[in-house]
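Computed from the coordinates by the stated procedures, all read-outs in this text should not be read as laboratory data. This structure is a prediction, so every number in the text was calculated from the model and none was measured. Using ideal geometry, Cβ is built from the backbone for each residue, glycine included, and neighbour counts are taken over all protein chains shown.
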Amino acid sequence: MSRFYSIQIDSIYLTSDGTAGGDKCRLTIPNVEDLLTTITGAIVPAIGGGAVLQLVPWTGGKQFEVEIETLMRDEWEDLTALINSKLEADASFTVSGAGDTGDFSVTAKPFPVKPFSAQRFINGRIIGANFKFITV
């Protein structure tokens with residue numbers, strides 16, 4: 001797990017007010033290493049008995065989640081509206097992050113099945129918000 005200091009989904013920053021200058025949200029991106037890797041490899045046996053490493057570009061089809069501890073209601077509404085509009089238009093957007101384990105920027109679409117959820121809503125705060133994406 002990694003805590004990122006700055007995440008931007010399309011034009012929305014995951015901060016207290018949705019802007020670059022707001023207080024950053026505490027969040028986790030499980031398996032963030034998939035977003036930091038742009039190639040994948042497979043080792044296959046060669047005719048001569050050795051092993052050959054095959055490297056292939058891998059940027060599309062990676063599923064990932066952004067799990068946010070606490071999100072303000074305005075940012076929740078902005079993100080869910082963005083996701084719903086992108087699903088309806090079958091459009092993509094950029095998700096980028098900068099943090100302690102490395103920086104990434106990917107083109108993604110909302111995951112088509114249950115792209116967002118929350119554990120509970122308390123006094124204008126969304127606790128345990130979760131957003132799912134897939135790279136394209």
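Data for the structure
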{"read-out": "Dipole magnitude of the chain, debye to nearest 20 (Cβ charges: Lys/Arg +1, Asp/Glu -1, about Cα centre)", "value": "300 debye"}
{"read-out": "Separation of the residue 36 and residue 58 label points, Cα + 7 Å toward Cβ, nm", "value": "1.6 nm"}
{"read-out": "Amide H within-cut-off set for residue 72, under 5 Å, with H built and near neighbours excluded", "value": "126"}
{"read-out": "Binned Cα-Cα distance frequencies in segment 4-135 - 5 Å width, integer %", "value": "2, 10, 19, 21, 18, 11, 6, 4, 4, 3, 2, 1, 0, 0"}
{"read-out": "The chain - mean residue ellipticity at 222 nm from DSSP helices (-39,500 (n - 2.57) per run, n ≥ 4, rounded to 500)", "value": "-4500 deg cm²/dmol"}
{"read-out": "12 Å beta-carbon shell around residue 64, net charge (K/R +1, D/E -1)", "value": "-1"}
{"read-out": "At R0 = 25 Å, FRET efficiency that the Cβ-Cβ distance of residue 119 and residue 16 yields, to 0.05", "value": "0.85"}
{"read-out": "Spin-label proximity, residue 24 to segment 98-136 - amide N less than 11 Å from point 7 Å beyond Cα toward beta carbon", "value": "98-102"}
